[in-house]
1. Given the conditions (1) more than 16 Å from the ligand (Cβ to nearest atom); (2) crowded, with 16+ Cβ neighbours inside 10 Å; (3) of a type outside the set (Asp, Glu); (4) within 29 Å of TRP262 (Cα to Cα), report the number of the one that PHE41 does not fulfil.
2. State all residues of the stretch 254-287 that are acidic (Asp, Glu) and over 16 Å from MET72 (Cα atoms); if no residue qualifies, say none.
3. Of the residues that make up the stretch 81-88, is at least one farther than 30 Å from GLY177 by Cβ and either within 16 Å of the ligand (Cβ to nearest atom) or at pLDDT 95 or above (or both)?
4. Please go through the stretch 197-253 and give me each residue that is of a type in the set (Lys, Arg) and either crowded, with 19+ Cβ neighbours inside 10 Å or within 25 Å of ARG79 (Cβ to Cβ) (or both), ordered by number.
5. Do we have any residue at all in the stretch 276-285 that's exposed (fewer than 15 other Cβ atoms within 10 Å of the Cβ) and aromatic (Phe, Trp, Tyr)?
6. Tell me which of these GLU114 doesn't satisfy, since it passes every other one: (1) touching a Cys at 6+ places or on another chain (Cβ under 7 Å); (2) within 16 Å of the ligand (Cβ to nearest atom).
Amino acid sequence: MIIMSETEKYPCLLCGQSDSRVIFQEAAGTIRRCSACGHIFSAAGARPATGYFPDSIAAADHFWWREAHAKMYQAFGRRFLAGRSGRLLDAGCGLGYFLSHLAAYPDWEAWGTEISPAAVDFARDTLDLGRIVEADLARADFPDRHFDLITLWDVLEHLPDPRPVLANLRAWLKDDGWIFIHTPNISIQLPKARLKKFFARGRPGHYLEATDHRHHYSPVTLRRLVEMLDLEMVELIHLPPIQSVSGRRSALGRVLKNFWYWSALGLDKLTAGAVRLDNLFAVVKKS
Ligand SMILES: [Zn+2]
């Protein structure tokens, strides 16, 4: 594990300036905010670039991706896939559980890419998904203007440099196609992390997952990132939350999380979109 010193310089992904300050400390490293533009990122030892999933997939991973995400994936399908057709790429498809929901929408030709070999094997062999490409998104090779819809579920925050990936996705997208991005919302995650750390009496934990989550986006910084790549954030929508708190099966946690979701919907309406309490679900198109 490498913990960078206070004096090291970190060029900001969004504005290139090197001045930043520590705004949160956790077990794996620090969370910093760019002094020039406010972008928030992790300064911690990263996992090796062989993907998120280790060689053997833990039972907790199956719970997290199969069960805890199911409600979110189903709501997405009802809203965006039902009654339509096209070619979809799930970029960074992990174990393939989102793609497994595409079985309900046979008019969609569904593809996935994934960098972790064990996850690719699981998606192909156990979920029986036929169109899984083992590839690094920055280097994968698809024809230009090929896909109607590209989904990035819980991927963007893991990328040390998302720019070559977004540039590729843009190239593979049809001119009237769109990209869907799901990523945590740091505007909410940071106060939540501070609260959790307070209740844990300052114990160093993995509140913001500094090792895995390299960049922490807000509505403002996510918009700025996509605009750098000649993309446009058309809208932020709401989908039901992950049905678990910190990966645990807790009925009370689930109830609270869903209460939070309904509160988020209400506040969004009341403030005409100015206040967002939940994760970021962004609809992005070519500008
Ligand atoms: Zn900056």
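The values are calculated or read from the model by the stated rules, or taken from the named source; none is laboratory data. Worth saying up front: this structure is predicted, and the values here are computed from it rather than measured. Cβ: placed from backbone, ideal geometry, glycine included. Neighbour counts: every protein chain shown.
1. (1)
2. Within the stretch 254-287, just ASP268 meets the criteria.
3. No: zero hits.
4. Within the stretch 197-253, ARG214, ARG223 qualify.
5. Scanning the stretch 276-285, I find no residue that is exposed (fewer than 15 other Cβ atoms within 10 Å of the Cβ) and aromatic (Phe, Trp, Tyr), so the answer is no.
6. The single condition GLU114 does not satisfy is (2).
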